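Asker: Attaching a single structure in structure tokens format; questions to follow.
The values are calculated or read from the model by the stated rules, or taken from the named source; none is laboratory data. All figures in this text were calculated on a predicted structure; none of them were measured in a lab. Cβ atoms come from the backbone with ideal geometry, glycine included; neighbour counts cover every protein chain shown.
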């Protein structure tokens, strides 16, 4: 008899999977894609002036091209306002030629002088413009379709009266020729992708309609003048903050675990910072370190300084880093403490009592019993705190404005919001993600329990 598969666990976890896919996996994938994918790097040219025709080849953005011809296609509504878009307006006209024969077809807007309009303001009637030049045919060609590539159905004399039955707006397509990897490429492309030069016979590809992998956004990030200061400052803060926080968190957790009357009060006192936002913490410590803040007031009151000291200036960058360091320790140590406390509570009391029975002092109990059994909790705390250290942002903005001292998260924000360069911002975000992943793997491999090491 076949056992029926129990689908209940899968159904219960399905909402979480969907949530993670929509709000975590896809945004992460999109961010990484923006960092290494140039969506407008290549222009695909077609065998005919039609987007649905076969692709004749591809030309990279910036390629110099020769303009061999042009054709107008009816403009799509969603194409209005596109950069470099070249358009032609054509009128559907009816008139009579020199022989009195009716002529009906399409003429370019430039060839018709509008004389009358209907109630809606649309052109209704007009006359044919005279062609300039002594060596040209003064008559205007009327085409079967709104394109100079279509059949000429008749010619109208200058000043001939015509009625205008309708109009259409065309986008120009250019027949171009260029080189890609030393090979000639010839085909049709929309004007929106071509920057036409003044001679009208040449131009360059301004942007493409297809993407390709690129390193230029990462190069732009590395070449950014703020990148290396932000990178080294971020790593410096990680090195300065994380060890101190863990020492303090373990001490705080041990105090809370002591069987003392009212020891829970310490938990509430230590956890106060958890309810304060990053920006609020930055403002609080700004009030401490500003020239007329609490620190200068206390030092002056004690007679240690004669005049206020300007701590948060471009000339005192080290004081800004110290202020950020203190603010982050005060703000986030409680997070590590909560994780460590939960780990301590999971240690059997019999183990600690046995260590005490065998004469192990506090230091030996911490070194040989508590810390080894806390390794799973320490892994979690290290990963969590490293990620938070890489995300330091609001405190830096509050204390330095993001200019004197900057970090990677601040530069990602600046590229996205100030410079509107989402690709470089994505490169910064990808770097933060990479450092987080490397740190997590390092912690998982080095801070392991005995069972994990043996397994």
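Asker: Is it true that some residue in the stretch 121-129 is free of Cβ contacts under 8 Å to residues at least 40 places away in the same chain and buried (at least 19 other Cβ atoms within 10 Å of the Cβ)?
Answerer: Looking only at the stretch 121-129, we keep the residues that are free of Cβ contacts under 8 Å to residues at least 40 places away in the same chain, and these are 121, 125-129.
Pick out the ones that are also buried (at least 19 other Cβ atoms within 10 Å of the Cβ) and you get 126, 128.
Checked the stretch 121-129: at least one residue is free of Cβ contacts under 8 Å to residues at least 40 places away in the same chain and buried (at least 19 other Cβ atoms within 10 Å of the Cβ).
Asker: Out of the stretch 287-298, which residues are surrounded by fewer than 15 Cβ atoms within 10 Å (Cβ to Cβ) and out of contact with any helix residue (DSSP H, G or I) (no Cβ under 6 Å at 6 or more places or on another chain)?
Answerer: 287, 291, 292, 297, 298
Asker: Still on this structure: Working only within the stretch 308-321, note down all residues that are assigned to a helix (DSSP H, G or I) and surrounded by 15 or more Cβ atoms within 10 Å (Cβ to Cβ). Break it down into steps so the answer makes sense when it comes.
Answerer: To start, the set of residues in the stretch 308-321 that are assigned to a helix (DSSP H, G or I) comprises 314-321.
Hits for the stretch 308-321 are 316, 317, 319, 320, 321.
Asker: Please find, among 62, 105, the residue that is modelled with pLDDT of 95 or more and touching a strand residue (DSSP E or B) at 6+ places or on another chain (Cβ under 9 Å). It would help to see each step written out before you state the result.
Answerer: Numbers: 62 fails: modelled with pLDDT of 95 or more.
Of the residues listed, the single one that is modelled with pLDDT of 95 or more and touching a strand residue (DSSP E or B) at 6+ places or on another chain (Cβ under 9 Å) is 105.
Asker: Here's something else I'd like to know. Tell me, please, whether a residue that is in a helix (DSSP H, G or I) and surrounded by fewer than 21 Cβ atoms within 10 Å (Cβ to Cβ) can be found in the stretch 407-415. Working first, answer last.
Answerer: Looking only at the stretch 407-415, we keep the residues that are in a helix (DSSP H, G or I), and these are 408-415.
Those left that are additionally surrounded by fewer than 21 Cβ atoms within 10 Å (Cβ to Cβ): 413-414.
Looking through the stretch 407-415, at least one residue is in a helix (DSSP H, G or I) and surrounded by fewer than 21 Cβ atoms within 10 Å (Cβ to Cβ).
Asker: Just checking: which of the strands (runs of 3 or more DSSP E) contained wholly in the stretch 140-225 hold 3 or more residues that are closer than 23 Å to residue 37 by Cβ and out of contact with any helix residue (DSSP H, G or I) (no Cβ under 8 Å at 6 or more places or on another chain)?
Answerer: Fully inside the stretch 140-225 and qualifying: 183-190, 210-213.
Asker: Identify, by number, the condition in (1) in contact with a helix residue (DSSP H, G or I) (Cβ under 6 Å, 6 or more places away or on another chain); (2) touching a residue at least 60 places away in the same chain (Cβ under 8 Å); (3) under 23 Å from residue 278 (Cα atoms) that residue 311 doesn't meet.
Answerer: Failing condition for residue 311: (2).
Asker: Taking residue 439, is it within 21 Å of residue 218 (Cβ to Cβ), buried (at least 17 other Cβ atoms within 10 Å of the Cβ) and over 14 Å from the mean Cα position of the chain (by Cα)?
Answerer: Judged against the criteria, residue 439 is a match.
Asker: Something else now. Condition first: outside any helix (DSSP H, G or I), out of contact with any strand residue (DSSP E or B) (no Cβ under 7 Å at 6 or more places or on another chain) and either in the same structural domain as residue 323 (by TED's automatic domain parsing) or free of Cβ contacts under 8 Å to residues at least 24 places away in the same chain (or both). Can you find one or more residues in the stretch 421-442 that meet it? Give the derivation first.
Answerer: First, pick out the residues of the stretch 421-442 that are outside any helix (DSSP H, G or I): 421.
Going one step further and asking which of them are out of contact with any strand residue (DSSP E or B) (no Cβ under 7 Å at 6 or more places or on another chain), we end up with 421.
So of that shortlist, the ones also either in the same structural domain as residue 323 (by TED's automatic domain parsing) or free of Cβ contacts under 8 Å to residues at least 24 places away in the same chain (or both) come out as 421.
Yes: one or more hits.
Asker: Here are some conditions: (1) farther than 25 Å from residue 268 by Cα; (2) out of contact with any helix residue (DSSP H, G or I) (no Cβ under 9 Å at 6 or more places or on another chain). Residue 349 meets all but one. Which one does it not meet?
Answerer: The number of the failed condition is (1).
Asker: If you don't mind, another one. Within the group 401, 361, which residue is over 24 Å from the mean Cα position of the chain (by Cα), without any contact (Cβ under 8 Å) to a residue 40 or more places away in the chain, surrounded by fewer than 21 Cβ atoms within 10 Å (Cβ to Cβ) and more than 27 Å from residue 27 (Cβ to Cβ)?
Answerer: Details: 401 fails: over 24 Å from the mean Cα position of the chain (by Cα).
From the options 401, 361, the qualifying one is 361.
Asker: In addition: Between 242, 305, 269, 255, which is over 18 Å from residue 327 (Cα atoms) and assigned to a helix (DSSP H, G or I)?
Answerer: Numbers: 242 fails: over 18 Å from residue 327 (Cα atoms); 305 fails: assigned to a helix (DSSP H, G or I); 269 fails: over 18 Å from residue 327 (Cα atoms).
After ruling out the rest, the residue left standing is 255.
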